[in-house]
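Visitor: To start, I am sharing the structure in question, which I have written as C-alpha cells.
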Amino acid sequence: MKFGYADPPYIGQAKRHYSHDPQCAEVDHHALIIKLQEDFPDGWALSCSSPSLREILWYCPNNVRVMAWVKPFAVFKPNVNPAYAWEPVVVYGGRKRGRDVPTVRDWVSANITLKRGLAGAKPEAFCRWLFDVLGMEPTDTFVDLYPGSGAVTRAWLAWQAERAA
C-alpha cells in the first residue's frame, strides 16, 4: 500500500516561521488535499493548526477523521491564553485492522521538539503513532510531502527496519 503525509506550513504561518527559505510560500491547502486524494487513495494524513481546522475540513472528503497530537510540553507564547497545546491531524483511509492487533488511540501525547532546525519538526513518538494510525506495514510505500528536517522520514526508516527484523 502507498501512504502520504503532509506537514506543510500552516495556513498564514509560512512567512513567520520559514522566511529564511527562498522557496517559502503559503500552501494551497485545497490543491494539496486534492493531490493527497489522487496520489494516496490507500491513506494519508495532514497536520494542521487548530485555528485552520474549519477551513481544512471544508476541503476534505466526508470520511476523514480528526486525530489529536497533545503536547504536554509546548511553547507558551506571551498573551496567548489558553495555550496552543495540541494539533489536529486529519487522517483519511488506512489499512483496516482486526481484533488481533492492539487498538490505536485517536490521540498521541508527545512533547514538541526543540532545536531541530525548523519550527514544527515532529517528534519520533508522533511519527510512530502516525504509522500505527494508518495501519502501515514495513513493505508499504511512505511519502513525506514536506520533509523539512527529515525527522518523519528517519522515523519511518527506523520503524520499517525494526518491524522487518
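What follows is calculated from the coordinates using simple rules that are stated; it is not laboratory data. Fair warning: this is a prediction, and the values are worked out from it, not measured in the lab. Positions of Cβ are backbone-derived with ideal geometry, glycine not excepted, and every protein chain shown enters the neighbour counts.
Visitor: Find the all-direction average of the projected area of the Cα convex hull for region 44-126, expressing the result in square nanometres with one decimal place. Mind dumping the intermediate values first?
Guide: Values: hull surface 28.1 nm².
Reported value for the Cα convex hull: 7.0 nm².
Visitor: Restricting attention to the alpha-carbon atoms of the chain, what are Rg (one decimal) and Dmax (integer), both in Å?
Guide: Using the Cα atoms of the chain, the pair Rg, Dmax is 15.6, 49 Å.
Visitor: Taking a cut-off of 18 Å between Cα atoms, list the aspartates and glutamates near K71, but don't count ones fewer than 8 places away on the same chain.
Guide: D7, E87, D106, E124
Visitor: At a Cα cut-off below 13 Å, give the aspartates and glutamates reachable from K2, other chains included and same-chain residues fewer than 8 away excluded.
Guide: E38, D39, D42, E137, D140, D144
Visitor: In region 59-133, which trypsin sites (Lys or Arg not before Pro) fall in coil by DSSP and have 12 or fewer other Cβ atoms within 10 Å?
Guide: On the way: sites: R65, R95, K96, R97, R99, R105, K115, R116, R128; in loops: R95, K96, R97, R99, R105, K115, R116.
Passing sites in region 59-133 are K96, R97, R99, R105, K115.
Visitor: Then there's this: Using Cα pairs under 8 angstrom and six or more residues apart, how large is the relative contact order of the chain, in percent? Kindly include the intermediate steps, with their values, before the conclusion.
Guide: Working: 252 pairs, mean separation 43.3, N = 165.
RCO, the chain: 26 percent.
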